[in-house]
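The values are calculated or read from the model by the stated rules, or taken from the named source; none is laboratory data. Nothing here was measured: the structure is a model prediction, and the numbers come from that model. Methodologically, a virtual Cβ is constructed for each residue, glycine included, from the backbone with ideal geometry; neighbour enumeration extends over all protein chains shown.
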Amino acid sequence: MNTLVKVDRPVFPFTAIVGQEEMKLALILNVIDPKIGGVMIMGDRGTGKSTTIRAIIDLLPEIEVVEDDMFNSHPSNMELMSSYVKEKIENNISVKTKFIKVPMVDLPLGATEDRVCGTIDMEKALIEGIKTFDPGLLAKANRGILYVDEVNLLDDHLVDILLDSAASGWNTVEREGISIRHPAQFVLVGSGNPEEGELRPQLLDRFGLHAEIRTVKEPDLRVKIVEQRNHFDQDPTKFMDQYQLEQENLKEKIIKAQNNLNKVTIDYELRLKISQICSELNVDGLRGDIVVNRAAKAYAAFESKTQVEISDIKKIMTLCLRHRLRKDPLESMDSGLKVEKIFDRIFG
């Protein structure tokens, strides 16, 4: 009898990716503070969107989960554990734990609502009186990253479900009066090509950050990217070893930022100016103000600071606001440039 051996596919190192700084920064900020609300990456085909998103996982520390639990439950944080584990903890029943890599879940384009949210076995529930839950992708993505390629081609109803779960941190499945609720805290990463259609503004606004990436034009950089890819394909282990030290350094920097995030403060005057920029750009609601504050703190933590400075806000402002501006068909200025122009005026 043949035994199937699970082989880990080599992943292109994050630090070896040439260019696309905006996309890399957006991903790093989200793993430092998942409450930023995910990232939407829009750009041309073949610009390394999927490669970069999969590469970020190798920079994250392993997480402790309860063994034999389908939701990657945290052994001590009540907000990140299923009701089954919570019950055990409350009754002082010890649970076995293990360390796993941060889960990375790909959502296929043709996914149904049941596949995403999970299903309740109604037959068992009605005949035997047992609630049996078949977990969906949201359960598998708890405490990890949920990646949706071509999110602009996904059914709006499904995008709504994903965004609601990402914002609340919970997923509720209800069938015929039976309800199951489980934690679903994940970083939602969407990517797409603008040529294939835009997301509705009210859905786009729910993504914390919006990175725009373009095909590299400089011939020398293009040659470097092709060479990197060839070296990786020929001998992945050797190529990964070359970037081992850089990977470790960046990983350490991210872990340090995660641990120091709560110590970072932002002055009232700076918060006032952030809100002034959002107001002048006619950003609907207060989501923009909240995300800018969060992202500025995350970036300051990444730069080993305890106080947010103007340079930190400048670095993340466009990522946070460009997708929240109202579309004016007569407007010739790029939304990113518009954000920069008003930033420069208000911050002088």
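For segment 188-200, filtered to residues that are outside any loop (DSSP other than H, G, I, E, B) and over 19 Å from the mean Cα position of the chain (by Cα), the residue that is surrounded by the most Cβ atoms within 10 Å (Cβ to Cβ) is Pro194. I'd like to know if segment 192-202 contains one or more residues that are free of Cβ contacts under 8 Å to residues at least 24 places away in the same chain and not assigned by TED's automatic domain parsing to the domain that holds Val105. The answer is no, given that none of the residues of segment 192-202 is free of Cβ contacts under 8 Å to residues at least 24 places away in the same chain and not assigned by TED's automatic domain parsing to the domain that holds Val105. Within segment 242-252, the presence of a residue that is within 30 Å of Asn152 (Cβ to Cβ), touching a helix residue (DSSP H, G or I) at 6+ places or on another chain (Cβ under 8 Å) and acidic (Asp, Glu) is excluded. If you check Ile310, Ile277 for being surrounded by fewer than 17 Cβ atoms within 10 Å (Cβ to Cβ), of a type in the set (A, V, I, L, M, F, W, C) and touching a Phe, Trp or Tyr at 6+ places or on another chain (Cβ under 7 Å), only one passes: Ile310.
Going by the structure shown, is Lys238 in a helix (DSSP H, G or I) and in contact (Cβ under 8 Å) with a residue 60 or more places away in the chain? No, not satisfied. For segment 307-348, filtered to residues that are of a type in the set (S, T, N, Q) and part of a helix (DSSP H, G or I), the residue that is modelled with the lowest pLDDT is Ser335.
To keep it simple, each residue is scored yes or no on (1) aromatic (Phe, Trp, Tyr); (2) under 23 Å from Pro13 (Cβ atoms).
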residue	(1), (2)
Phe232	yes, yes
Ala257	no, yes
Leu261	no, no
Ser279	no, no
Glu303	no, yes
Gln307	no, no
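Within segment 271-287, the set of residues being within 15 Å of Val339 (Cα to Cα) and touching a residue at least 60 places away in the same chain (Cβ under 8 Å) comprises Lys273, Gln276, Ile277, Glu280, Leu281, Asp284.
Remark: Leu281 falls outside the filter, which requires a residue to be of a type in the set (A, V, I, L, M) and under 24 Å from Val189 (Cβ atoms). Checking Ala300, Ala295 one by one, the residue that is in a helix (DSSP H, G or I), more than 18 Å from Gly348 (Cα to Cα) and touching a Ser or Thr at 6+ places or on another chain (Cβ under 8 Å) is Ala300 and no other.
Of the residues making up segment 46-101, those that are assigned to a loop (DSSP other than H, G, I, E, B), of a type in the set (Gly, Ala, Ser) and surrounded by fewer than 17 Cβ atoms within 10 Å (Cβ to Cβ) number 3.
Counting the residues of segment 35-74 that are farther than 17 Å from Val148 by Cβ, among the charged types (D, E, K, R) and touching a residue at least 40 places away in the same chain (Cβ under 8 Å) gives 4. For Phe12, the criteria (1) touching a helix residue (DSSP H, G or I) at 6+ places or on another chain (Cβ under 9 Å); (2) free of Cβ contacts under 8 Å to residues at least 24 places away in the same chain; (3) of a type in the set (A, V, I, L, M, F, W, C) hold in every case but one, which is (2). For segment 206-228, the tally of residues that are surrounded by 14 or more Cβ atoms within 10 Å (Cβ to Cβ) and either modelled with pLDDT of 90 or more or not basic (Lys, Arg) (or both) stands at 10. Of the residues making up segment 228-235, at least one is aromatic (Phe, Trp, Tyr), in contact with a helix residue (DSSP H, G or I) (Cβ under 9 Å, 6 or more places away or on another chain) and part of a helix (DSSP H, G or I).
Taking segment 118-187 as the region of interest, the helices (runs of 4 or more DSSP H) fully inside it that hold 1 or more residues being modelled with pLDDT under 85 and of a type in the set (Asp, Glu) are 122-127, 156-168.
The residues of segment 1-18 that are under 21 Å from Gln228 (Cβ atoms) and at pLDDT below 80, listed by number, are Asp8, Arg9.
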